[in-house]
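Student: Questions regarding the structure given below will be posed in turn.
The values are calculated or read from the model by the stated rules, or taken from the named source; none is laboratory data. Treat the numbers as computed from the prediction; the structure is a model and nothing was measured. As a convention, Cβ positions derive from the backbone with ideal geometry for all residues, glycine included, and neighbour counts pool all protein chains shown. Note: accessible area is taken over every heavy atom of the protein model, side chains too, but ligands, DNA and RNA are not part of it. Shrake-Rupley method; radii C 1.70, N 1.55, O 1.52, S 1.80 Å.
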Amino acid sequence: MPDLSGIGVCPGVAAGPLLRIAAAPALPAPAPVTDAGAEVERAFAALAEVVADLERRADRATEATVAEVLRAEALMADDEELRDAVRERIEEGADAPHAIDAAFGTFREMFTEAGGYLAERVADLDDLRDRAVAVLLGLPMPGVPQPGHPYVLVARDLAPADTADLDPAVVLALVTEVGGPTSHTAILARALGLPAVVACRGILDVPERTLVQVDGGTGEVTLGASSVFSAKGVDEPELSHPGRTDDGHPVKLLANVGSVKNVPAADQAHAEGIGLFRTELLFLDRTTEPSRDEQVVAYREVFQAMAGRRVVIRTLDAGADKPLPFLHQDGEPNPALGVRGLRVARQRPEVLTTQLAAIAEAAADSGADVWVMAPMVSTLAEATSFADAVHEAGLPRAGVMIEVPAAALRAADLLGVVDFLSIGTNDLSQYTFAADRMCGELAELLDFWQPALLQLIGICGEAGRATGKPVGVCGEAAADPALAPVLAGLGVSSLSMSPRALSGVRASLARYSYAECRRLAELAVAAPDAATARKIVLS
Amino acid sequence: MPTRTVAVGSASGLHARPAKIFVEAAAKAPVKVTIRVGEKKPVPAKSMLSVLALGAKQGTEVVLEADGDGADETLDGLAALLAKDLDADDA
């Protein structure tokens with residue numbers, strides 16, 4: 001059988017029998033109903049079973065938010081209006097599956113019409129309908145299978161509802177037909193440390209229970225593996241040396257954190273510092289801005305834990321997919337292109353000045369080498385005013401994130417006024433290819449091996465070499481071991497990632513000389529497409 | 001019939017968590033409560049799907065109606081709940 005390939009989004013190799021997320025059941029041909037009363041009972045019992053199943057899963061869920069989502073879904077299935085609509089349809093002559101389909105269809109229309117947030121909830125309605133119909137037809141509940149033995153989970157795409165209670169002890173690897181490096185599947189896989197391949201065309205045609213081997217690094221899926229195994233965590237010897245190439249060219253290996261809770265994982269992975277300290281966590285779900293004192297406490301915890309090491313803290317990155325209630329940003333026609341990141345300071349300069357003052361206070365006497373950077377910078381003027389604000393706050397090191405092509409193209413100018421650059425590859429991909437990060441259908445455009453993206457990174461790296469100032473990557477691309485030598489060759493001087501990815505990247509870098517890194521970088525940028533670029537480096 | 005008009009206080013509107021809290025409270029009420037936006041058709045307040053389908057955002061004015069024993073107390077309680085920011089409860 002031919003082998004398949006997609007985009008590897010979480011390294012590691014595993015093999016096992018392939019099992020699919022049970023597909024949504026097709027509606028059977030309409031059946032005549034002789035006893036409407038009994039049919040209504042049958043339909044209600046199916047809905048009740050769906051509610052009970054969701055509640056059981058909510059009880060088992062270890063995360064509070066997951067449990068809450070499942071309980072909200074249960075409440076949607078346990079709805080009197082819905083039951084009334086089902087009863088009406090049955091009394092008009094429909095059988096139970098068709099009555100349920102029609103009843104959900106009414107709400108589906110209302111949700112779609114309302115648009116926005118509600119239109120996105122249509123998928124929940126469809127899921128509930130599919131579950132109820134599956135019960136009626138005696139089919140397995142759609143969703144993650146629970147066969148009682150280890151297996152490779154395959155799906156078109158994974159929805160949060162599918163994976164809410166996914167057990168990483170039983171699931172060996174994930175493969176999806178669609179999705180991209182920033183899709184839910186990819187994020188979930190990295191969180192669980194499971195080898196994962198997304199955008200793998202043809203995987204849905206592979207027969208159920210086929211033994212497959214999944215390489216989450218290369219993106220290759222081999223059919224007909226001979227044994228069941230999982231090599232996550234045992235494929236790399238434990239390395240702790242600072243990041244460097246085979247011949248000693250240094251590439252700092254740093255960790256991304258959101259709060260002091262992530263620091264132990266960073267330490268365990270021998271991170272040389274923190275390359276991205278996200279500060280959004282403190283602001284999320286807030287209707288009022290956190291006070292300066294509250295910010296000082298949160299920042300100081302992290303700085304003190306990292307005494308003697310570098311901490312790159314990013315100022316508030318809000319807007320687009322991270323709306324913050326207290327900013328009252330409702331109604332932007334296209335939030336990804338709207339007032340987000342540093343742009344918030346245009347409307348609310350005091351949010352930034354308060355944050356910088358809090359960072360400065362927390363940094364004082366903490367012992368950490370604190371650098372500050374701003375998200376979503378596009379022009380020299382923005383970089384200049386941010387650097388001025390940082391220095392005025394008494395902080396010595398100001399940098400900017402490179403997330404839009406305009407900033408990458410002018411990297412040399414920017415380095416004239418700031419002390420360092422940090423490339424956010426998720427957003428830089430999104431804006432370079434005009435492809436929404438959340439859009440699974442455009443996954444191949446968001447592949448970090450796209451030569452155009454690598455070329456923009458190269459412009460930044462070149463500017464760094466010319467000025468002697470550091471240029472880091474702190475997006476998901478930094479976590480790809482195969483890409484690490486290419487990024488080093490492009491002139492990137494630090495890579496920052498989730499702590500789990502550090503050992504793989506460290507080992508990969510150590511396999512190449514710096515000259516080889518530069519040659520691979522040239523070849524990757526010159527490649528006609530992402531797949532070729534990846535193949536050149538991996539061969 | 002007793003009515004209350006109240007602006008939704010939750011930051012994310014009458015969605016997910018706030019809707020769940022409101023619907024659960026309405027289901028426990030001793031009287032049947034309806035909720036509507038403007039002149040649109042009133043829907044049962046204890047129907048999660050109908051309440052979600054209102055699409056009420058923060059600041060949207062909704063009208064609660066109920067009749068019978070305890071209607072006023074019930075409406076007062078539910079109106080107070082709607083006016084609160086139910087997203088912020090666990091912050």
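Student: Taking every residue in B:50-63, how many Cβ atoms of other protein chains lie within 10 Å of its Cβ, on average?
Tutor: Taking all residues of B:50-63 together, the mean is 4.
Student: Ok, one more. Pairs of alpha-carbon atoms within less than 8 angstrom and 6+ residues apart define the contacts here; what relative contact order does chain A have, in percent?
Tutor: For chain A, the relative contact order is 15 percent.
Student: Dipole size in debye (nearest 20) for region B:3-83 around its Cα centre, Lys and Arg Cβ +1, Asp and Glu Cβ -1?
Tutor: In total the dipole reaches around 440 debye.
Student: Measuring from centroid to centroid over Cα atoms, what is the spacing of region B:3-38 and region A:462-539 in Å?
Tutor: 53
Student: Which ³J(HN,Hα) values in Hz, rounded to whole numbers, follow from the phi angles of region A:144-154 under the Karplus curve 6.51 cos²θ - 1.76 cosθ + 1.60, where θ = phi - 60° and Gly and Pro get x?
Tutor: Result, ordered by residue: 5, x, 10, x, x, 8, x, 7, 9, 8, 10 Hz.
Student: Straight-line reach from A:K469: which aspartates and glutamates have a Cα under 20 Å away, not including same-chain ones fewer than 8 places off?
Tutor: The qualifying aspartates and glutamates are A:E272, A:D369, A:E382, A:D388, A:E403, A:D413, A:D419.
Student: Quick one: dipole size for the protein assembly as shown, taken about the Cα centre, charges +1 on Lys/Arg Cβ and -1 on Asp/Glu Cβ, in debye to the nearest 20.
Tutor: Using only the charged Cβ atoms, the result is roughly 1880 debye.
Student: Here's another thing I want to ask about it. With a ≥ b ≥ c the root eigenvalues of the C-alpha gyration tensor of region A:36-136, is it rounded (a/c under 1.5), prolate (a/b larger than b/c) or oblate?
Tutor: It comes out oblate by the Cα gyration axes.
Student: While we're on this one: Which Cα, out of A:G193, A:A155, A:A411, lies furthest along the positive dipole direction of the protein assembly as shown (beta carbon charges, K/R +1, D/E -1)?
Tutor: A:A411
Student: Also, quick follow-up: In region A:274-322, which residues become less accessible by 40 Å² or more once every protein chain is in place, relative to the chain on its own, using a 1.4 Å probe?
Tutor: Hits at the 40 Å² cut-off: A:T287.
Student: With all protein chains present, how much of the accessible area of the protein assembly as shown (probe radius 1.4 Å) comes from carbon and sulfur, to the nearest whole percent?
Tutor: That share works out to 53 percent.
Student: Assigning unit charges at the beta carbon (Lys, Arg +1; Asp, Glu -1) and nothing else, what dipole magnitude in debye, to the nearest 20, does region A:252-538 show about its Cα centre?
Tutor: 740
Student: Which listed residue (A:A515, A:A364, A:P375) has the Cα farthest towards the positive end of the charge dipole for the protein assembly as shown, taking +1 on Lys and Arg C-beta and -1 on Asp and Glu C-beta about the Cα centre?
Tutor: Ranked along the dipole, the leading option is A:A515.
Student: Treating cross-link reach as a plain straight distance, find the lysines whose alpha-carbon is under 22 Å from the alpha-carbon of B:K40, omitting any fewer than eight places away in the same chain.
Tutor: Within reach: B:K20, B:K32, B:K57.
Student: How would the protein assembly as shown be classified by its alpha-carbon gyration tensor: rounded, prolate or oblate, with rounded meaning a/c under 1.5 and the a/b versus b/c comparison settling the rest?
Tutor: Oblate is the answer for the protein assembly as shown, as a/c is 1.5 or above yet b/c matches or exceeds a/b.
Student: Which percent, to the nearest 5, of DSSP beta bridges fully inside the protein assembly as shown are antiparallel?
Tutor: 45
Student: Then there is this: Return the long-range amide H neighbours of A:D529 (sequence gap of 5 or more, or a different chain), with a cut-off of under 5 Å between placed amide H atoms.
Tutor: Amide H to amide H, under 5 Å and 5 or more residues apart or across chains, A:D529 pairs with nothing.
Student: Calculate, axis by axis, the spread of Cα positions in region A:287-438 along the three principal axes, and write the results as whole Å, longest axis first.
Tutor: Computed over region A:287-438, the largest-to-smallest principal extents equal 43, 38, 25 Å.
Student: Sum up the charges of everything whose Cβ sits under 9 Å from the Cβ of A:Q430, counting Lys and Arg as +1 and Asp and Glu as -1, but leave A:Q430 out.
Tutor: Overall, the nearby charge balance is -2.
Student: Per residue, how much accessible area does region A:447-517 have with a 1.4 Å probe, in Å²?
Tutor: I get 25 Å² per residue for region A:447-517.
Student: Quote the total accessible area buried by chains B and A together, excluding ligands, DNA and RNA, probe 1.4 Å, nearest 100 Å².
Tutor: 1700
Student: Also: Which whole number gives the average, over all residues in B:5-14, of C-beta atoms from other chains lying within 10 Å of the residue C-beta?
Tutor: 2
Student: How big is the Kirkwood radius of region A:435-539, worked out from every pair of different alpha carbons and given in Å to one decimal?
Tutor: Kirkwood hydrodynamic radius for region A:435-539: 13.8 Å.
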